[in-house]
Amino acid sequence: MKIAESELIINPDGSVFHLHIRPEELADNVILVGDPGRVDMVSEYLEDKEFRHQSREFVSVTGRYRGKRLTVLSTGIGTDNIDIVMNELDALANIDFSTREIKEEKRSLNILRIGTSGAIQPDIPIGSFVFSHISVGCDGLLNWYADRDRIIVPDIAEAFMKHTHWDSHLPVPYFVRAGKAMSEKFADCTVKGMTIAASGFYGPQGRVLRMPLAMPDMLDTFESFRFGEWRITNFEMEGSAIAGIAAHLGHNAGTVCCIIANRHLKESSPDYKPMVRNLVELVLDKI
């Protein structure tokens with residue numbers, strides 16, 4: 001079936017609408033970062049760089065690290081941007097831009113987000129690296145797609161909503177696992193995480209400035225939740241959409257974050273860039 005021009009917008013130069021990447025420019029290994037400035041930091045490690053594109057918050061570079069071709073791409077903040085990024089990456093990989101038809105042979109990408117995060121457990125110190133083996137989508141994005149229940153972990157979600165007395169006005173949370181192969185790559189060098197992906201930085205992460213919260217005891221109930229070996233480890237803002245869309249579309253994806261604050265201890269590190277660089281080096285060696 002041919003995909004209409006209104007549904008998949010292709011720029012005059014043959015690139016996909018938002019990312020401005022052409023199909024032949026996309027590597028099988030993709031590193032996602034939120035901050036556009038972080039693309040240049042990661043690409044310092046690359047050789048044979050093929051291009052640098054920039055469109056709004058979406059900056060991309062493809063090059064090689066120790067002979068392996070990879071693309072570095074910034075996403076900006078939030079799962080709404082991840083909806084754009086993940087769908088357009090899949091389109092680049094699995095839709096023929098000349099015929100606008102889905103390819104018969106599917107291409108699976110390795111997609112890893114490098115982010116920063118705040119821990120909510122007191123025993124996870126600043127400077128730790130947390131890999132989100134399970135992402136908790138409090139953003140509602142995945143609920144817009146069919147077959148949501150095919151990829152979620154329903155028993156943990158049910159127990160979580162009961163434990164937190166989940167407010168009925170909020171989006172129904174979904175729990176989704178990272179790609180198995182990606183999880184295994186980082187099992188020996190990161191904290192095993194179950195990460196809340198929040199839809200904002202302030203209220204959705206329990207911060208109070210001038211507006212009170214719908215769930216005033218949110219941080220305490222998140223911290224105290226247990227389900228077998230699992231506990232909520234940290235907050236970030238993109239991982240659930242990455243893991244969820246990747247699971248739907250057959251990509252191997254995950255999120256690993258550098259902890260730059262601990263919400264329980266009320267500590268933070270403003271000089272976190274050296275820690276993030278250490279994480280970048282780890283990721284490049286592992287991916």
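The values are calculated or read from the model by the stated rules, or taken from the named source; none is laboratory data. What you see is a predicted model; the values in this text were computed from it and never measured. Cβ atoms come from the backbone with ideal geometry, glycine included; neighbour counts cover every protein chain shown. Each accessible area value is taken on the protein alone, full model and side chains, heavy atoms only, with ligands, DNA and RNA left out. Shrake-Rupley method; radii C 1.70, N 1.55, O 1.52, S 1.80 Å.
Mind telling me which of the residues SER55, SER98 ends up being over 30 Å from GLY206 (Cβ atoms), free of Cβ contacts under 8 Å to residues at least 60 places away in the same chain and open to solvent by 30 Å² or more (accessible area, probe 1.4 Å)? So that I can check it myself, show each step before the final result.
Values: SER55 fails: open to solvent by 30 Å² or more (accessible area, probe 1.4 Å).
Being over 30 Å from GLY206 (Cβ atoms), free of Cβ contacts under 8 Å to residues at least 60 places away in the same chain and open to solvent by 30 Å² or more (accessible area, probe 1.4 Å) holds for just one of SER55, SER98, which is SER98.
Condition test on ALA261, is it buried (at least 16 other Cβ atoms within 10 Å of the Cβ) and farther than 17 Å from ASP35 by Cβ?
In short, no.
What's the number of the condition GLY37 fails, among (1) under 19 Å from the mean Cα position of the chain (by Cα); (2) assigned to a strand (DSSP E or B)?
(2)
Working carefully through the options ARG177, ARG210, find the one that is modelled with pLDDT of 95 or more, charged (D, E, K, R), within 16 Å of the chain's Cα centre (by Cα) and open to solvent by 90 Å² or more (accessible area, probe 1.4 Å).
Values: ARG210 fails: within 16 Å of the chain's Cα centre (by Cα).
Of the residues listed, the single one that is modelled with pLDDT of 95 or more, charged (D, E, K, R), within 16 Å of the chain's Cα centre (by Cα) and open to solvent by 90 Å² or more (accessible area, probe 1.4 Å) is ARG177.
Yes or no, residue by residue, for (1) farther than 21 Å from ARG226 by Cα; (2) buried (at least 16 other Cβ atoms within 10 Å of the Cβ):
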site	(1), (2)
PRO125	no, no
GLY137	no, yes
ARG150	yes, no
ASP167	no, no
VAL172	no, no
MET182	yes, yes
ALA187	no, no
LYS192	no, yes
ALA197	no, yes
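Only one of GLY67, GLY14, GLY63 is in contact (Cβ under 8 Å) with a residue 12 or more places away in the chain, of a type in the set (Gly, Ala, Ser) and open to solvent by 10 Å² or more (accessible area, probe 1.4 Å). Can you tell me which?
None of the others qualify; the one that does is GLY14.
Are there any pairs with C-beta distances below 9 angstrom linking a residue in the stretch 209-238 that is of a type in the set (D, E, K, R) to a residue that is at pLDDT below 95 and open to solvent by 70 Å² or more (accessible area, probe 1.4 Å), with the two at least 6 apart or on different chains, and if so which?
GLU223/HIS264
Considering GLU104, GLU88, which residue is acidic (Asp, Glu), without any contact (Cβ under 8 Å) to a residue 12 or more places away in the chain and either touching a Phe, Trp or Tyr at 6+ places or on another chain (Cβ under 9 Å) or surrounded by fewer than 19 Cβ atoms within 10 Å (Cβ to Cβ) (or both)?
One residue alone meets the criteria, GLU104.
When you look at VAL33, is it touching a residue at least 24 places away in the same chain (Cβ under 8 Å), open to solvent by less than 30 Å² (accessible area, probe 1.4 Å) and among the β-branched types (Val, Ile, Thr), yes or no? Don't jump to the end; show me each part of the working.
On the way: touching a residue at least 24 places away in the same chain (Cβ under 8 Å): yes; open to solvent by less than 30 Å² (accessible area, probe 1.4 Å): yes; among the β-branched types (Val, Ile, Thr): yes.
Judged against the criteria, VAL33 is a match.
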